[in-house]
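Notes to accompany the following structure.
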Amino acid sequence: MLDAAWLELAERGYVGFSFEAVARRGQTSRPVLYRRWRTKLMLAFAAIAHHLRLNPVSVPDLGNLRDELRLLLRAFADRSPPHLTRLIFEMSDDMASEDVSFADGRFREMPMRDALDRAVARGEVAPEKLTPRILRLPTSLVLHEVIITQRQITDDAICEIVDTIFLPLIVRERTP
């Protein structure tokens, strides 16, 4: 069912997304869907979370955080093309009325945490600087760029996010 729901979202957007269409694509009935998800938004959230779990961003240990972040943000951006970021806007009214957001745990990116844990172990990063908002910053900036320009983010923009914005916020200060 979640695969069918994801395909509906990806093809028709949230505006064209419906229990009826998901049931038809998933070869089931609307009551079956309603038993599990009480609203269109909850079904959409479940489909997006399912899609992210099936298509994880994986970043190997490259020995330094800069290279790992650049690779991670490129993979994240490639998985979040402009035509899919429209879902954020299309879902915003329903999200506000149900008091939910994409910042909750269903959409947490573990590769960022993994890369940062390795960087902390290597002594590259000050762990006390890794607040939840700081952890969301790189991917938020990538999404911002994609949403504002409606174009895929460039590698140069990713380098700028990593080198001039994110790393200066979290690097461990060297003592003389």
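What follows is calculated from the coordinates using simple rules that are stated; it is not laboratory data. Just so you know, these numbers come straight off a predicted model, no measurement behind them. Backbone-built Cβ (ideal geometry, glycine too); neighbour counts: all protein chains shown.
Values computed for the structure shown
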item: In degrees, nearest ten, helix 2-12 long axis to first principal axis of the chain (Cα); result: 90
item: Percentage relative contact order, the range 58-176, counting C-alpha pairs under 8 Å, at least six apart; result: 41
item: Pairwise label distance in nanometres, Arg36 with Asp163, each label 7 Å out on the Cα-Cβ vector; result: 4.6
item: Dipole magnitude (debye, nearest 20) for the range 1-55, charges at Cβ of Lys, Arg, Asp, Glu; result: 220
item: Largest-first ellipsoid semi-axes for the range 1-55, taking √(5λ) over the Cα gyration tensor eigenvalues, angstrom; result: 15, 12, 10
item: Helix 132-149 axis, angle to the chain major axis (alpha carbon atoms, nearest 10°); result: 70
item: Ratio of Rg to Rh over the range 106-160 (Cα coordinates, Kirkwood Rh, two decimals); result: 1.03
item: Using alpha-carbon coordinates, inclination of helix 65-79 to the longest axis of the chain, degrees; result: 20
item: Loop-resident sites, the range 1-85, for trypsin sites (Lys or Arg not before Pro), counting at most 14 other Cβ within 10 Å (DSSP); result: Arg38
item: Integer Hz, Karplus 6.51/-1.76/1.60 couplings in order for the range 14-30, x for Gly and Pro; result: 6, 4, x, 7, 8, 4, 4, 5, 5, 4, 4, 5, x, 6, 9, 10, 4
item: Long-range amide H partners of Val125 with built H, under 5 Å; result: Val120, Arg172
item: ³J(HN,Hα), Karplus 6.51/-1.76/1.60, whole Hz, each residue of the range 84-97, x for Gly, Pro; result: 8, 5, 4, 4, 4, 6, 5, 8, 4, 5, 5, 4, 5, 6
item: Hull volume in cubic angstrom per residue (convex hull over the Cα atoms of the chain); result: 120
